[in-house]
Amino acid sequence: MIQGKPVQSSPQSLLKNIFGYNEFRGRQAEIITDFIAGNNILAVMPTGAGKSLCFQIPALLADGLTIVISPLISLMQNQVAALDLLGIEAATINSANSVEDNQEIWRKMRSGSLKLLYLSPEKLMTEQMLTVIEGLNISYFAIDEAHCICQWGASFRPEYQALSRLHKRYPAIPIMALTATADQATRAEICRQIFSDKVKIRLMGFDRPNISLNVEIKHGWKQQLLRFVKGREQQNGIIYCLSRKKTEAAAALLVAKGYNALGYHAGMENHQRQQNLNRFMAERDLIMVATIAFGMGIDKPDIRFVFHTDLPASLEAYYQEIGRAGRDGEAAVAHMLYGMEDIRLRRMFINNEEADDDHKRRGHLRLNALLAYAEAPECRRVSLLHYFGDDVAFERCGNCDRCDHPQETCDATVSGRKFLSAIIRTGQNFGVGHIVDILTGKMTDRCRQLSHDCLPTFGVGKDRDVNEWKSVARQLMARGFITADMAHGSLKITAQGTKLLKGQAVFRYRPDAVLTVAATVKPGKSKKAVLDLPPADQSLFEALKSFRKDIATARSVPAYIIFSDKSLVDMAITKPQTLDQFGGIYGVGAGKKKEFGEKFINRIAAHFIKE
C-alpha cells in the first residue's frame with residue numbers, strides 16, 4: 001500500500017501520479033517491464049539516469065516487500081526520506097536506529113504495509129535476517145552500487161561478496177543489480193557472482209555529455225589548482241588528492257586565498273567529517289578537498305567541477321569520481337593533473353597490495369587503460385566510452401581538451417631510441433632527471449663522478465629542451481615502452497621498449513599543450529539547457545531555492561529531496577496558483593502535492609506581494 005491508497009495498476013500511471021514525471025527516460029521502461037516479468041537484471045546506467053525508479057516502480061506494483069541492498073547508511077536514509085515525501089512506506093534498518101524504530105519497522109514488515117526495506121549487505125546476509133526473510137512475502141531484491149562486489153573495482157566492499165548466496169537461497173525471487181560504474185570485466189564478474197550468469201544485461205550508455213573532460217600535465221599543482229578555481233568562487237566543487245597530507249595542504253591553500261573550502265579524509269574524527277559533509281550538501285559555494293574517502297552517496301546535483309591533483313587508481317575510479325559533477329544535467333568540468341611520479345606511485349600501490357598475481361595483473365591493466373586515456377591522441381570522450389564498451393556515434397565530442405585544442409602527433413622514434421639507449425648505457429639504475437641530464441649534455445656532479453659525460457648518448461638530445469624530454473619520458477611510460485622501479489624510481493625497459501630499440505616498433509610523440517587558462521564551463525554542452533530566466537522569474541527562483549533550503553534544514557534532509565532545481569524553475573515560470581496547477585509541475589506527484597502544494601503556492605504569492 002502507498003499510505004492507505006490502492007496501488008496504481010501500471011508503471012506509467014505510477015510514474016505520473018506518484019513521481020510526477022510524464023515520460024520514462026532511456027531504457028527505464030524496458031528494464032521495469034523485464035523485471036516485473038520475473039527476469040534477473042543487471043542495469044548499467046550513467047549517474048542521473050534514474051536507476052532508483054527501475055526497482056521502486058516494480059516494488060509499488062508488487063504485493064510483497066522489496067529489499068534494497070545499499071552500501072551506506074546516509075544513502076539509505078536519503079532514499080527513505082525521499083520516498084516518505086512521496087507517500088511511500090519505506091524504511092531502513094541500520095546501526096543509527098533506536099530499538100523503538102526497529103520494532104515499528106518489524107511491525108510494518110509483518111503486517112505487509114512496508115513496500116521497500118533498505119539494508120546494508122552485512123545486515124542482510126546474517127543468518128538471523130535471512131531466516132526472517134523466509135517468513136515474509138518478498139517480491140524483489142535490488143542491489144545498488146553492484147560494482148562493489150569486484151575486488152579490482154574502484155569501491156570494493158568485501159561484504160558485497162556474500163550477496164553471491166542470495167540467488168541460490170531464493171531462486172524464485174528476481175534480483176536487479178544496478179551500477180553506473182562497471183567496465184566489461186566488472187560486468188562479467190557481477191553476472192557470475194550475483195546471478196550465476198542467469199541475467200539480462202541492460203546498458204543505458206556511459207556518456208555524460210555535459211561534463212567537459214580535460215587533462216593537464218602536472219608542473220606545480222598548487223599554481224595549477226589556483227588557476228583552475230579562479231572565477232569559480234560561487235560554485236560547488238570537489239578537489240581530489242592522493243594523500244591526507246596533501247588534502248590538508250590544498251584546503252589550507254584555498255582558504256588562505258579566500259575560498260570557502262573544507263577538507264575530508266579518513267584520518268579525521270567522524271563528527272568532523274559528518275559536519276563538513278553536511279555543510280557541503282547545504283552550501284552553494286563550498287569546495288570540498290578530499291581523498292577517495294569522500295565517495296559513494298555524495299548525491300549533490302549542483303557540483304560544477306571535479307579536479308584531480310593526482311592520477312586516480314583506474315578509469316573506473318576516475319569515471320565514478322567525475323560522475324559526482326553535473327548531476328543536474330547542467331554544464332560541469334572534470335580536470336585532471338598527472339605526471340611521471342603519479343605513474344610510479346600507482347604502480348607501487350598495485351605491487352604492494354596483499355593480493356595474488358592475477359589481481360595485480362588486472363590492476364596494472366586498468367592503470368594502463370587510464371594512462372592511455374590521459375595520453376589519448378584524439379577525443380577523450382571516445383577513448384573513455386570505448387573502454388566501457390559503449391559504442392559511440394561520433395568521432396569528436398566537442399567538449400574535451402583534445403577536441404578544443406587538437407594537436408598532431410609526430411614520429412619521434414629516433415628520440416625514443418635515444419632515451420632508451422641512455423637507460424641501457426647507465427645500467428637501468430637511474431630516474432628521469434639523470435637520463436634527461438645525460439641527453440641534454442648537462443654537466444652535473446653526478447655525471448662527472450660516474451663518467452656519464454663520456455657516454456655516446458651524452459648530449460645527443462640537445463635538439464629538445466628539458467621539459468620536452470620529460471614529456472617524451474612520460475609518454476614512453478604511458479605507452480608501455482618503459483616502466484619505473486617501484487622502490488627507487490629507476491627506469492626499466494620493457495619488452496615493448498626492446499622492440500622499439502630493435503626497430504620493430506614506432507613511437508609517436510605529442511607536444512604537451514600549454515593551457516594558459518583553465519577549462520571553462522560550456523553551457524551549450526549541457527544535456528539540459530540552462531534556462532535563461534527573465535529577471536523577475538530569476539528572483540522568484542532564488543526565493544524558492546531559499547524556501548526549499550529552509551524546509552530541508554528543518555527536516556534534516558538534502559535540499560534536492562524536497563524538489564529538484566528543475567521543479568523550482570518550472571514553478572518560477574508557471575507560477576501555480578491552485579493545487580491542480582501545482583500538480584502539473586515537473587516532479588510533483590500526489591504526495592508532494594499534498595505535502596508542499598499550499599506552502600509553495602503561498603510562498604510564490606508572497607514573493608509578488610513583497611515586490
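Where both partners of a DSSP beta bridge lie in the chain, what percent of those bridges are antiparallel, to the nearest 5? Write down the numbers at each step before the final one.
Values: 6 of 54 bridges.
That works out to approximately 10 percent antiparallel.
Ranked highest first by average number of other Cβ atoms within 10 Å, how do 40-47, 279-286 line up? Display every interim value, and only then the final one.
Numbers: 40-47: 23.5, 279-286: 15.6.
Top to bottom by mean Cβ count within 10 Å: 40-47, 279-286.
Using Cα centres only, tell me the gap between region 540-611 and region 319-338 in whole Å.
28 Å
Could you rank the peptides 534-540, 114-120 by their average count of other C-beta atoms within 10 Å per residue, with the highest value first?
114-120, 534-540
Which of Lys257/Lys549; Lys51/Lys246; Lys442/Lys502; Lys575/Lys599 have a Cα-Cα distance over 23 Å?
Long pairs (Cα-Cα over 23 Å): Lys257/Lys549; Lys51/Lys246; Lys442/Lys502.
Between Asn467 and Val99, what length comes free when the chain is fully extended (0.36 nm per residue of separation minus the Cα-Cα distance, one decimal in nm)? Don't jump to the answer; show the numbers that get you there.
On the way: separation 368, 0.36 × 368 = 132.48 nm, distance 6.36 nm.
Extending this stretch completely gives an extra 126.1 nm.
Would you mind classifying region 283-416 by shape? Square roots of the alpha carbon gyration tensor eigenvalues, ordered a ≥ b ≥ c; an a/c under 1.5 is rounded, otherwise it is prolate if a/b is larger than b/c and oblate if not. Don't jump to the answer; show the numbers that get you there.
Numbers: a/c = 1.73, a/b = 1.11, b/c = 1.56.
Cα axes put region 283-416 in the oblate bin.
From the Cα gyration tensor of the chain, with a ≥ b ≥ c the square roots of its eigenvalues, which class applies: rounded if a/c is under 1.5, or else prolate if a/b is larger than b/c, or else oblate?
Values: a/c = 2.31, a/b = 1.67, b/c = 1.38.
In terms of gyration-tensor shape, prolate.
Report the semi-axes of the equivalent ellipsoid for region 11-203 in whole Å, largest first, where each axis is √(5λ) for an eigenvalue λ of the Cα gyration tensor. Each step should come with its number before you reach the end.
Values: eigenvalues 106, 89, 49 Å².
Ellipsoid semi-axes (Å, largest first): 23, 21, 16.
Under a straight-distance cross-link criterion of Cα-Cα below 15 Å, which aspartates and glutamates are reachable from Lys168, leaving out those fewer than 8 residues away in the same chain?
Leaving aside aspartates and glutamates fewer than 8 places away in the same chain, those within reach of Lys168 are Glu127, Glu134, Asp197.
Trypsin sites (Lys or Arg not before Pro), restricted to region 347-400: which are DSSP loop and have at most 15 other Cβ atoms within 10 Å?
Working: sites: Arg347, Lys360, Arg361, Arg362, Arg366, Arg380, Arg381, Arg396; in loops: Arg396.
Of the trypsin sites (Lys or Arg not before Pro), the ones in loops of region 347-400 whose Cβ has at most 15 other Cβ atoms within 10 Å are Arg396.
What's the ranking of 571-577, 207-213 by average number of surrounding C-beta atoms within 10 Å, highest first? It would help to have the intermediate numbers written out before the result.
Numbers: 571-577: 17.6, 207-213: 22.9.
Those peptides, ordered most packed to least, come out 207-213, 571-577.
Return the FRET efficiency for the residue pair Asn278, Phe156: r is the Cβ-Cβ distance, R0 is 41 Å, and the value is rounded to the nearest 0.05.
On the way: r = 27 Å, r/R0 = 0.66.
It comes out at approximately 0.95.
Using the count of nearby Cβ atoms within 10 Å as a rough guide to exposure, how do Ile69, Ile493 rank from fewest to most? The partial results should precede the final answer.
Working: Ile69 27, Ile493 19.
The order, fewest Cβ neighbours first, is Ile493, Ile69.
Which of the DSSP-defined H helices in the chain satisfy a minimum axial length of 15 Å, computed from C-alpha atoms, and a minimum mean Kyte-Doolittle hydropathy of 0.0?
On the way: long enough: 51-61 (17 Å, 1.20); 73-85 (18 Å, 0.83); 99-111 (18 Å, -1.65); 184-195 (16 Å, -0.19); 244-256 (18 Å, 0.33); 270-282 (18 Å, -1.76); 340-352 (18 Å, -0.62); 357-374 (25 Å, -0.86); 413-425 (18 Å, 0.46); 466-478 (18 Å, -0.22); 535-555 (30 Å, -0.47); 590-610 (29 Å, -0.53).
In the chain, the long hydrophobic H runs are 51-61, 73-85, 244-256, 413-425.
Where a number appears in this text, it was derived from the coordinates with a stated rule and is not lab data. Fair warning: this is a prediction, and the values are worked out from it, not measured in the lab. Please note: Cβ atoms are built from the backbone with ideal geometry, for glycine as well, and neighbour counts cover all protein chains shown.
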